[in-house]
Amino acid sequence: MIWTIIHIVDILLWLIMAASVMYVCFFSFVSLFYRKERSVKRGENKARFLILYPAYHEDAVIVHSVREFLRQEYPSDHFQLIVISDHMTDDTNQQLRQLPITLLTPVFDKSSKAKALQYAVESVKETDSYDHVVILDADNVVRTDFLSSLNDVCQQGYQAIQCHRCAKNSDNDIAILDGVSEEINNTIFRRAHNTIGMSSALIGSGMCFNYTWFKQHVGQLSSAVEDREMEALLMKEGIFIKFVNDIPVYDEKVSNSDNFQRQRLRWMTGQVQTLLLMLPYIPKAIIKGNINYIDKTIQQALIPRSILLVCTLTMALLLSACVSVWCLKWWILFGLLSLSLLIALPSQLRNRTVFRRLTYVPRLVVHMLSNLFKIDHKNTDFIHTKHDK
């Protein structure tokens, strides 16, 4: 009797993990058919951009990021840069005031990125007109041709664009693995999806939206995962999200375990909150055949890949030692997942330096598993990831 119960639990666990593995496997193989798009010039029309930098306790990085952005080749009279300084020091604000930008210094009872974005849009004068809004994190750095390249894509008629966010640092094992994870996400949830005509996932920064659409919808954002809320709003309206692989946005990766745990707690909490937010609309999405909305909802239910990797290997080893006849399905699952992640990993990252860092994954997974007991789907507090000076 006890072995029957154990066997049933074993099969249920395998089925639950297999669902997430199959999703990763499918889109990893789809990514093999991705082809680099030719750059298209659509005339000399120059769109007007509103650039938003929400900055909460970001004294360590914000001034450098803004100075780098201001080096744009794009006409300076065709973009306005706004920094929303939330709980930053007087010294940082004073440095920002010396730059040709608009500095806002709101005081929120409970800070969040959504509130910062809403405050910025409300501050824009009625006489100012913009075509697109760009959202960047305080640590994001872009190239001097960022707006020129983005303008070319915008001229093709896209209302929602996700640029290629990638690592700007590789200080240690955690930063390298964080950067690797980001690139695998880019392959599975962005490049592969666009390859078969599905919407890319948003990341939270390096995002560009039609300004009118954004102004009309930003007031609806209320959680600490505003990018996933925007995804849901876009999917409900059938607006396609374009991923642009050739416009990099360099992002600082977490470099210590405390920041890693804080970041993953925010992501996992946001994943649960978004799943609960999106589920009620699923029946209508099915009736309407809204595949992108259904897909984005499924994404919120996926088990994180690092947890999948460690758990499938652990189960395979455990059953090989205890009940060898049950272990084959786990080895197959682990093999499929490993192959899928290898395919999703860009070729330039398939090297000894990266593979040696994989030994650190089990320790990170322990941190992530401990976060499962801290998830509060009702908590809307902003969980800030600190940056070191």
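The values are calculated or read from the model by the stated rules, or taken from the named source; none is laboratory data. Please read all numbers here as calculations on a predicted model, not as lab measurements. Here the Cβ positions follow ideal geometry from the backbone for every residue, glycine too, while neighbour counts run over all protein chains shown.
If only residues of segment 198-240 that are farther than 20 Å from Ser123 by Cβ and among the charged types (D, E, K, R) are counted, the one that is surrounded by the fewest Cβ atoms within 10 Å (Cβ to Cβ) is Glu237.
With Val218, Val225 as the choices, which residue is at pLDDT below 90, assigned by TED's automatic domain parsing to the domain that holds Val134 and β-branched (Val, Ile, Thr)? So the residue among Val218, Val225 that is at pLDDT below 90, assigned by TED's automatic domain parsing to the domain that holds Val134 and β-branched (Val, Ile, Thr) is Val225.
For segment 89-118, the tally of residues that are under 23 Å from Ser223 (Cβ atoms), free of Cβ contacts under 8 Å to residues at least 60 places away in the same chain and not in a helix (DSSP H, G or I) stands at 5.
Residues of segment 50-68 that are crowded, with 23+ Cβ neighbours inside 10 Å and not aliphatic (A, V, I, L, M): Tyr53, Pro54, Glu58. Filtering segment 275-309 to residues that are of a type in the set (Gly, Ala, Ser) and free of Cβ contacts under 8 Å to residues at least 12 places away in the same chain leaves only Gly289.
When Val63 is tested against (1) closer than 20 Å to Cys154 by Cα; (2) outside any loop (DSSP other than H, G, I, E, B), exactly one condition is not met: (1). Determine whether Ile239 is at pLDDT 90 or above, in the same structural domain as Asp178 (by TED's automatic domain parsing) and among the hydrophobic types (A, V, I, L, M, F, W, C). It is true that Ile239 is at pLDDT 90 or above, in the same structural domain as Asp178 (by TED's automatic domain parsing) and among the hydrophobic types (A, V, I, L, M, F, W, C). Within segment 34-43, none of the residues are touching a residue at least 24 places away in the same chain (Cβ under 8 Å), at positive phi, assigned to a loop (DSSP other than H, G, I, E, B) and under 22 Å from the mean Cα position of the chain (by Cα). For residues that are surrounded by fewer than 18 Cβ atoms within 10 Å (Cβ to Cβ) and more than 22 Å from Arg67 (Cβ to Cβ), scanning just segment 80-118, find the one that is nearest to the chain's Cα centre (by Cα). So, considering only residues that are surrounded by fewer than 18 Cβ atoms within 10 Å (Cβ to Cβ) and more than 22 Å from Arg67 (Cβ to Cβ), the one nearest to the chain's Cα centre (by Cα) is Lys110. Being surrounded by 19 or more Cβ atoms within 10 Å (Cβ to Cβ) and assigned by TED's automatic domain parsing to the domain that holds Phe146 is a description that applies to Gln72. Just one of the listed residues (Val121, Val142, Val83) is touching a Gly at 6+ places or on another chain (Cβ under 9 Å) and farther than 30 Å from Thr187 by Cα, and it is Val121. Comparison of Thr187, Thr195 shows that the only residue that is among the hydroxyl-bearing types (Ser, Thr, Tyr), buried (at least 18 other Cβ atoms within 10 Å of the Cβ), within 30 Å of Leu341 (Cα to Cα) and outside the structural domain of Ile298 (by TED's automatic domain parsing) is Thr187.
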